[in-house]
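First comes the structure, then the notes that go with it.
The values are calculated or read from the model by the stated rules, or taken from the named source; none is laboratory data. Just so it is clear, the model here is predicted, and its values are computed rather than measured. We place every Cβ from the backbone using ideal geometry, glycine too, and count neighbours over all the protein chains shown. Accessible surface is based on the protein model in full, side chains and every heavy atom, while ligands, DNA and RNA are left aside. Shrake-Rupley method; radii C 1.70, N 1.55, O 1.52, S 1.80 Å.
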Amino acid sequence: MVLLREMHADNGMAQLAEDKVVPLLQCALAQHRAVVGVIDGPDGIAASVGLIIGQWWYSHDAHLEDCWNFVREPYRHMRFAQPLIEFSKKAANGMGLPLLMGIMTEKRVEAKVRLYERKLPLAGALFLYRPEISV
């Protein structure tokens, strides 16, 4: 949870709801329709990816999708995002499922997109519009 809180503080797109995160994390750690990849660092987890088995809204077909792919700040120069993507591809291959990974942040988007384009085929784009809220 510490890593996921740090990830949310770094690039969360909405308010953190731990009551939703904890059950998902428990399923992932128990490998119940989910898998977690971890890279250890000298002072705890350096990086992690969390993958769940999901379905398209229009189909019963399953796919593997990322909930998070996060490298803690002190380790970003070590390029840990690349082995996390490779771990995700290996998990998808092992399960025989398509892999859906995305980038949901407003920080360093271009660099992250370039990395993903080198490692995965492009299959679309995401856009986020935030309406102005008047008080």
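For region 88-113, name all the residues that are modelled with pLDDT of 90 or more and more than 12 Å from the chain's Cα centre (by Cα).
Lys89, Lys90, Ala91, Ala92, Asn93, Gly94, Met95, Gly96, Leu97, Pro98
In region 79-95, what residues are touching a residue at least 12 places away in the same chain (Cβ under 8 Å) and closer than 16 Å to Lys119 by Cβ?
Filtering region 79-95 for residues touching a residue at least 12 places away in the same chain (Cβ under 8 Å) gives 80-89, 91-92, 95.
Hits for region 79-95 are Phe80, Ala81, Gln82, Pro83, Leu84, Ile85, Glu86, Phe87, Ser88, Lys89, Ala91, Ala92.
What pairs can you find where one residue is in region 4-21 and among the hydrophobic types (A, V, I, L, M, F, W, C), the other is open to solvent by less than 50 Å² (accessible area, probe 1.4 Å) and not in a helix (DSSP H, G or I), and their Cβ atoms are less than 7 Å apart, with a gap of 6+ or different chains?
Short answer, once both residue conditions are applied: Leu4/Trp68; Met7/Trp68; Met7/Phe70.
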